[in-house]
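The structure under discussion appears below in the form of structure tokens.
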Amino acid sequence: MKRHSKASTYTARSCSKALAVILCAVCFCSAALAQGGELRFCLRSEPKTFDPLKVDDDASGAIRYLTGGVLIRENRQTQQLEPELALSWKVSKDGRQISFRLRSGIFFSDGTPFSAEDVAYTIQQLMDPALHSPTGDTFRSGIGSVETKVISATQVSIRFPAPVAGLDRLFDQVAILSEHSLKKEMAVLGPFMVADYKAGSSIILRRNPYYWKTDAQGRKLPYLDSIHLDIQPNRDVELLRFKRGEIDLINSLDSEYFDKLSATSPQVVHDAGPSLDSEQLWFNQAAKSPIPGYKKNWFRSTAFRRAISEAINRDDLSRVVYHGHAQPAFGPVSPANKFWFDNNLKPQTYDPETALNTLQNDGFRIENGTLKDKDGNSVVFSIITNAGNKARERMAVLIQDDLQKIGIHVNVVTLDFPSLIERMTQTFDYEAILLGLTNVDLDPNGEMNVWLSSSENHQWNPSQKVPETTWEAEMDRLMRAQASASDPNKRKEAFDRVQEIVAEQQPFIFLINKNALSAVSTSIHGAAPVILSPQTYWNAEWLTVAGK
Amino acid sequence: MSLGQRLACAVLVLVLGASFAANWLAPAGYARQYRDATDAPPSHTHWLGTDELGRDRFARVLYGTRISLLLAPAAALLSTLLAALIGGFAGYAGGAWKRAAMAITDLFLSLPWLFLLITARALLPLNVSPVVSVVVTFLLLGVLGWSSAARVLCASASSLRSSDFVRQARAAGIHGRRLFWMHVLPNLKPVLFAQFWISIPVFILSEANLGILGLGVAEPMPSWGSLLKELEGLVSVGEEPWRLVPLILLVIVVTSFQIVISNQEEVAA
Amino acid sequence: MTGAHVEPLLSVDVSVRYADKPPVLRDLKVELQRGEVLGLVGQSGSGKSTLAMTILGLLDKKQCHIEGAINFQGSDLLQLSERQLRALRGRTIALVLQSPLSALNPALKIRTQLKEAWRAHASGSPADCLLKIRSALQNVSLPSDDGFLRKYPSQMSVGQAQRVLIAMAILHRPGLLIADEATSALDVITQSEILSLFRELNRSTGMAILYISHDLASVAGICDRIAILHQGAIVECGTTQQIFDNPYHEYTQKLIAALPRIRSVPPASKILSASAT
């Protein structure tokens, strides 16, 4: 399950200050270092396309990030929007139109000049329904065509048929194409360009000689000459090559590898703190599920879900399973999401006694160490998770042990992923599932499909015709309200309430947020790993290699 | 009984005895999580240290031995018997019987087992106790594991069929089932024993691998399979040699069994 | 001189042909009287073993074509059902094969093999069975103690094994014993011992023996009559004396000429008396 990048944000702020801070920080490190050199790391799969408009996979996204020039960049460290090819922008009050003022004197990597016409061309291509661009889909909020208007060589405005929430943030994903270049999408505006590609093996990126950015001393960016990308799906091999010094960074490490590396060379590993990724447990509340009625009654009971949540020792999950590289989670938004996290949310403390009280008030009772419901059924249920994911299997076993303390017997079942998904989305033949969400997006609009009760991805009880509970009805209303509001504070107010409802109702019992773990060789200078993707090379244009 | 055989017997008795005395030898049990002492090295409280969840490895090895030492040979016996009956009979009967049995065997060998096992898992309820789950798994392994051995047995039985002693026995008026049981099957014994001994470690490991399909032993219960699986990705054997105990135990037990049986064979032959 | 009984014990008149091949046995005619020892001599490939298998009904009928009749004790063996044949095999017609070590089941103890052969035609108490086994073993001059009964074929000498086979064959006191190259695999001394055993059994039980061999010399010692088999047909049949003294068929003459040089062939009766003492 993935919440895809579908973002919108509040109106443009001045971000030049933030940029300046970064510039200084990086310049301080790099000033003494020579330019040039090669950065090497692994892509975990073959990029499916080099066309930035068609990107739908992580590897293609990485190429786009390194080669594409965008109008607005979401700073991966500050999580703020920053001007890139656009000097400034303005979103209209109705949220349907955005106008850009562009930099001048900028050239594509093949020397073709960049102008407002290229922006208009890119948007037209992007929104062409025949292209089926996943990036384009994020802009599609209503039926009708998108109008682009080139006002001058440096001014362009784009009008959408319906308001698009968080419109400006979406442009982080839109790499501008040249209308006139004969090299089509291979003519780029980003710091690097694709120089060589061996299918299944490697990709070499070279510095774009026409890249517009310079450092404080007036030196042209990027500092690096090239980036060597190896296509390597095997994580063990990746780790081994890192240890041998054949690659310079690993973008996301799991906690086990992190500890292994940290034991031998603590200076190369980075724990950037909790990421947006979460792991959660949920009970099947679907009416059409084939599970017994009395079990559905448990799962549909707020008290039951709350008690389970109270009886889970999240600190132990983080400590034992992730060796501390995870934070207990209490709600749908990671504290790493600086703007959207609801600071009023109270941490869920581990309290089996309260949990038992909660259950007893709901008609459950303990008999010979076994919890029974009011009809005398023993409380036994299964938690399924995908086989092969050690962290999830271990969390399930810890939860099994925790719940045994309040008389609940849990069976842990590991299934192959397709079987699990089939049970989760087709047959609804499950009782509880432990899975994670990979969150790539800061904006709650990306989570509409999870929280709306009518959605297929409303996992605990999907595709409801009308909301079956009052709290789901309220969540529907709040999610729609935040999507249509343009005032970010109003949006946040609504979404805070959603987070509070989730905390009260526990439809998802959030367990932990994994920390963003990465490794960067000591020969790389200027690296500042962050929680947002791409964690280690988000500032690739500022990185330098020592001793090369 | 030779010295080696006595020694092997003693080892087996010791291992089996220890596994059945697990309740006394490791009173804390295999599921107790010492969460403040995870992945600990051997100590006087945990003789083989603890696993990633802080569970006593010694207890897990003992309880795992109990499960696997009972069920893997049982499954191996089941599959060997099936192979003997189907392959042996087909080879002995010859003609249409042989063709039919070999067609079934080939079909069995070519079936996409992964999908069938996934289906089997889908048919099982999710809430099965760990014991039921592991018993069902070994039963499945036993029922499914006969086909390749059946081919070998069919070929052996085929050659036995035209042997002098079978002809002599037929000339003595012995016939049909009696001839098969008394004259053909005993001569398949070496092949059957080989099949049996190969099956045991194979089944122990298969049980562990079936975990990805939601079959096999379920947490928190240990089996040799699940213990061996923990060795996956173990890089620094030198630093944590105690983690190899389940593997060593498996080798010792299988070898001991073989010593005991093979010596009996020599005497018999 | 033998012969002249009105009804022979066994009267064979068969042709056997394997699919799409020239016939193995062509109008083979031979008769065997009660109590008689008939030698059937022919070189390898002449169809000797096929005849033995045909009489016992052990040829795979799907793979070969049999014509003619085999009259045994008044019924045509070729017309009998498998069930009826099975009742005959081992009980009234017994077989002893050439190589004792391969004809005994290597995986079974002597006792088990004999017990199986006994149980094929008799139901009785285990004690009764054991008694019969012991007596059969004594008949072939083998030890019959438990130690011997516990032996596997591989733990015995070839001669002992052959005697076990013979013991197995005479368990049910058959009227006819077919010995198919029964002594060919044995050394000369053992061979002569086994031959005397056959003769002795023939004398003491009146059991007729069809003695099939490629070796004319060994046959000469025990047979009343000899039939010469050549290319699937009997080319000459007569008393041992006749065959040796006055062979008329070219092939028989060749066989005799090929024998190790012996001044004169002793009459069968002399050997008989010698072995009886």
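The values are calculated or read from the model by the stated rules, or taken from the named source; none is laboratory data. Because the structure is predicted, anything quoted here is derived from the model rather than measured. Note that we place each Cβ from the backbone using ideal geometry, even for glycine, and neighbour counts take in every protein chain shown. For accessibility, only protein heavy atoms count, side chains too; no ligands or nucleic acids. Shrake-Rupley method; radii C 1.70, N 1.55, O 1.52, S 1.80 Å.
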- [ ] Filter the range A:171-185 for residues that are hydrophobic (A, V, I, L, M, F, W, C), modelled with pLDDT of 90 or more and not in a strand (DSSP E or B) and give the result.
- [x] A:Phe171, A:Val174, A:Ile176, A:Leu177
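Looking only at residues that are in a loop (DSSP other than H, G, I, E, B) and open to solvent by 60 Å² or more (accessible area, probe 1.4 Å) in the range C:231-251, which one is nearest to C:Val41 (Cα to Cα)? First the steps, then the outcome.
To start, the set of residues in the range C:231-251 that are in a loop (DSSP other than H, G, I, E, B) comprises C:231-232, C:246-249.
Narrowing the set further to residues that are open to solvent by 60 Å² or more (accessible area, probe 1.4 Å) leaves C:231, C:246, C:248.
Details: C:Gln231: 11, C:Asn246: 16, C:Tyr248: 15 Å.
So, considering only residues that are in a loop (DSSP other than H, G, I, E, B) and open to solvent by 60 Å² or more (accessible area, probe 1.4 Å), the one nearest to C:Val41 (Cα to Cα) is C:Gln231.
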Open item on the list: Taking the condition of being at pLDDT 95 or above, of a type in the set (A, V, I, L, M) and over 12 Å from A:Asp225 (Cβ atoms), how many residues in the range A:195-213 meet it?
Closed with: 1
- [ ] Tally the residues that are buried (at least 17 other Cβ atoms within 10 Å of the Cβ) and facing chain B (nearest Cβ under 9 Å), restricting the search to the range A:387-396.
- [x] 4
Open item on the list: Contact list please: Cβ distance under 7 Å, first residue in the range A:122-144 and open to solvent by less than 40 Å² (accessible area, probe 1.4 Å), second residue of a type in the set (S, T, N, Q), pairs at least six apart or on different chains.
Closed with: A:Ile123/A:Thr148; A:Leu126/A:Ser133; A:Leu126/A:Thr135; A:Thr135/A:Gln173; A:Thr138/A:Ser5
TODO: Could you look through the range B:24-38, keep only residues that are within 12 Å of another protein chain (Cβ to nearest Cβ) and crowded, with 20+ Cβ neighbours inside 10 Å, and pick out the one that is farthest from B:Pro130 (Cα to Cα)?
DONE: B:Thr38
Task: Wholly within the range B:77-164, helices (runs of 4 or more DSSP H) carrying at least 2 residues that are of a type in the set (Val, Ile, Thr) and in contact with a helix residue (DSSP H, G or I) (Cβ under 9 Å, 6 or more places away or on another chain) - done: B:95-110, B:130-144
Task: Pair list, Cβ under 8 Å, 6 or more apart: the range C:75-99 residue in a loop (DSSP other than H, G, I, E, B), other residue open to solvent by 60 Å² or more (accessible area, probe 1.4 Å) - done: C:Thr92/C:Gln73; C:Leu97/B:Arg167
- [ ] Note down all Cβ pairs under 8 Å where the first residue falls in the range B:205-227 and is away from chain A (no Cβ under 11 Å), the second is open to solvent by 20 Å² or more (accessible area, probe 1.4 Å) and of a type in the set (D, E, K, R), and they're at least six residues apart or on different chains.
- [x] B:Ala208/B:Lys229
- [ ] Considering every residue within the range C:252-264, establish whether at least one is modelled with pLDDT of 85 or more and either within 26 Å of C:Gln138 (Cβ to Cβ) or open to solvent by less than 20 Å² (accessible area, probe 1.4 Å) (or both).
- [x] yes
TODO: Please give the number of the condition A:Tyr430 fails out of (1) in a loop (DSSP other than H, G, I, E, B); (2) within 12 Å of chain B (Cβ to nearest Cβ); (3) under 25 Å from the mean Cα position of the chain (by Cα).
DONE: (3)
Task: All positions within the range A:212-227 that are open to solvent by 60 Å² or more (accessible area, probe 1.4 Å), assigned to a strand (DSSP E or B) and not basic (Lys, Arg) - done: A:Thr214
- [ ] Please find, within the range A:397-412, the residue that is most open to solvent (accessible area, probe 1.4 Å) out of those that are facing another protein chain (nearest Cβ under 7 Å) and out of contact with any Phe, Trp or Tyr (no Cβ under 9 Å at 6 or more places or on another chain).
- [x] A:Asp401
Task: Test set (1) open to solvent by less than 60 Å² (accessible area, probe 1.4 Å); (2) touching a residue at least 40 places away in the same chain (Cβ under 8 Å); (3) charged (D, E, K, R) - C:Lys109 fails condition number - done: (1)
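Residues are listed down the side, and each one gets a yes or a no for (1) on the phi < 0 side of the Ramachandran plot; (2) not in a helix (DSSP H, G or I):
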site: A:Leu53; (1), (2): yes, no
site: A:Gln79; (1), (2): no, yes
site: A:Ser99; (1), (2): yes, yes
site: A:Asp110; (1), (2): yes, yes
site: A:Gln125; (1), (2): yes, no
site: A:Gly136; (1), (2): yes, no
site: A:Arg140; (1), (2): yes, yes
site: A:Ala162; (1), (2): yes, yes
Open item on the list: Residues to consider are B:Val128, B:Val152; find the one that is open to solvent by 30 Å² or more (accessible area, probe 1.4 Å), at pLDDT 80 or above and away from chain C (no Cβ under 14 Å).
Closed with: B:Val152
- [ ] Could you grab me the full set of residues in the range C:13-41 that are assigned to a strand (DSSP E or B) and farther than 12 Å from C:Glu67 by Cβ?
- [x] C:Tyr18, C:Lys29, C:Val30, C:Glu31, C:Leu32, C:Val37, C:Leu38, C:Gly39, C:Leu40, C:Val41
TODO: Tell me, please, whether a residue that is of a type outside the set (Phe, Trp, Tyr), within 14 Å of chain C (Cβ to nearest Cβ), open to solvent by 10 Å² or more (accessible area, probe 1.4 Å) and within 14 Å of B:Gly91 (Cβ to Cβ) can be found in the range B:191-204.
DONE: yes
Task: Residues of the range B:94-106 classified as touching a residue at least 12 places away in the same chain (Cβ under 8 Å) and small (Gly, Ala, Ser), total - done: 2
Task: Enumeration of residues in the range A:357-379 that are open to solvent by less than 40 Å² (accessible area, probe 1.4 Å) and within 14 Å of chain B (Cβ to nearest Cβ) - done: A:Val379
Task: Where a residue in the range A:226-244 is within 14 Å of chain B (Cβ to nearest Cβ) and its partner, wherever it lies, is polar (S, T, N, Q) and open to solvent by 70 Å² or more (accessible area, probe 1.4 Å), with Cβ under 9 Å and at least six apart - done: A:Lys243/A:Thr264
Open item on the list: Condition check: open to solvent by 10 Å² or more (accessible area, probe 1.4 Å), over 18 Å from C:Ser99 (Cα atoms), modelled with pLDDT of 85 or more and assigned to a strand (DSSP E or B). Does C:Ile228 satisfy that?
Closed with: no
TODO: Return a yes/no flag: does the range A:440-456 have any residue that is open to solvent by less than 40 Å² (accessible area, probe 1.4 Å), within 12 Å of another protein chain (Cβ to nearest Cβ) and not in a strand (DSSP E or B).
DONE: no
Task: Flag for C:Pro126 being within 14 Å of another protein chain (Cβ to nearest Cβ) and modelled with pLDDT under 90 - done: no
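State all residues of the range A:365-399 that are under 39 Å from the mean Cα position of the chain (by Cα) and in contact (Cβ under 8 Å) with a residue 60 or more places away in the chain; if no residue qualifies, say none. Before you say what the answer is, go through the steps one by one.
Filtering the range A:365-399 for residues under 39 Å from the mean Cα position of the chain (by Cα) gives A:371, A:379-399.
If the condition is that a residue be under 39 Å from the mean Cα position of the chain (by Cα) and in contact (Cβ under 8 Å) with a residue 60 or more places away in the chain, then A:Val379, A:Phe381, A:Ile383, A:Lys390, A:Ala391, A:Arg392, A:Arg394, A:Met395, A:Leu398, A:Ile399 are the ones that fit.
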Task: Filter result (assigned to a loop (DSSP other than H, G, I, E, B) and modelled with pLDDT under 85) within the range B:220-244 - done: B:Glu230, B:Leu231, B:Glu232, B:Gly233, B:Leu234, B:Val235, B:Ser236, B:Val237, B:Gly238, B:Glu239, B:Glu240
- [ ] Could you run through the range B:86-139 and say how many residues are touching a Gly at 6+ places or on another chain (Cβ under 8 Å) and within 23 Å of B:Arg167 (Cβ to Cβ)?
- [x] 2
Open item on the list: Looking at the range A:465-485 only, could you name the residues that are in contact with an Asp or Glu (Cβ under 9 Å, 6 or more places away or on another chain) and open to solvent by less than 10 Å² (accessible area, probe 1.4 Å)?
Closed with: A:Met479, A:Gln482
